[in-house]
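Student: Have a look at this one.
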Amino acid sequence: MSERQLHLTVGSRFENVELVQSAIDEAMAERGADQDSRHWVGLAVREAVANAIKHGNRLDPSKRVDVEVRIDGGFVEIRVSDEGEGFDPAEVRDPLAPENLFRTNGRGIFYMRRFMDEVSYAAAASGGTSVLMRKRIAAEPASSQEQ
């Protein structure tokens, strides 16, 4: 797979989640990533962007979400950054703990960690939070690429 870089900046509106996920899916498909890899990456991207909009930027339409993507050598690396106040991911409750099973918060981070090979958080240059996700991606079988 040849290298591909993509940078998107979107407003804090939930309809932009689909836009970001679609753009990344298309870039991965162009580089020959298989459907399974694209599916799991897409779910993680949706969670990361939705979290940046809802929790990071607190639905403030004047704040932006930056998404940087690099596809290279069988890996995809995605950084999603918001302009919020930041948070400590260690303080997010474990959604699998019995006392949290019916809570609606905390599942996004759990899903991202399950769907991607690596997930890390840092303070974003904008003052918010930046999540970096990385996953090894498989190529479509040759017969699928030819069709």
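Student: Would it be correct to say that Ala29 is of a type outside the set (D, E, K, R), surrounded by 18 or more Cβ atoms within 10 Å (Cβ to Cβ) and closer than 13 Å to Gly74 by Cα?
Tutor: Criteria not met by Ala29.
Student: Still on this model: If you take the residues in region 46-72 that are under 13 Å from Phe14 (Cα atoms) and among the hydrophobic types (A, V, I, L, M, F, W, C), which one is farthest from the chain's Cα centre (by Cα)?
Tutor: Step by step, filter region 46-72, then rank; the result is Leu59.
Student: Please determine, by comparing only the residues of region 73-101 that are in a helix (DSSP H, G or I) and more than 19 Å from the chain's Cα centre (by Cα), which one is modelled with the lowest pLDDT. Explain how you work it out, then say what you get.
Tutor: Within region 73-101, the first condition is being in a helix (DSSP H, G or I), and the residues that meet it are 89-91, 98-100.
Next, only the ones that are more than 19 Å from the chain's Cα centre (by Cα) stay: 91, 98-100.
Numbers: Glu91: 69, Pro98: 67, Glu99: 69, Asn100: 58.
That would be Asn100.
The values are calculated or read from the model by the stated rules, or taken from the named source; none is laboratory data. Predicted model only: the values in this text are computed from it and were never measured. Backbone-built Cβ (ideal geometry, glycine too); neighbour counts: all protein chains shown.
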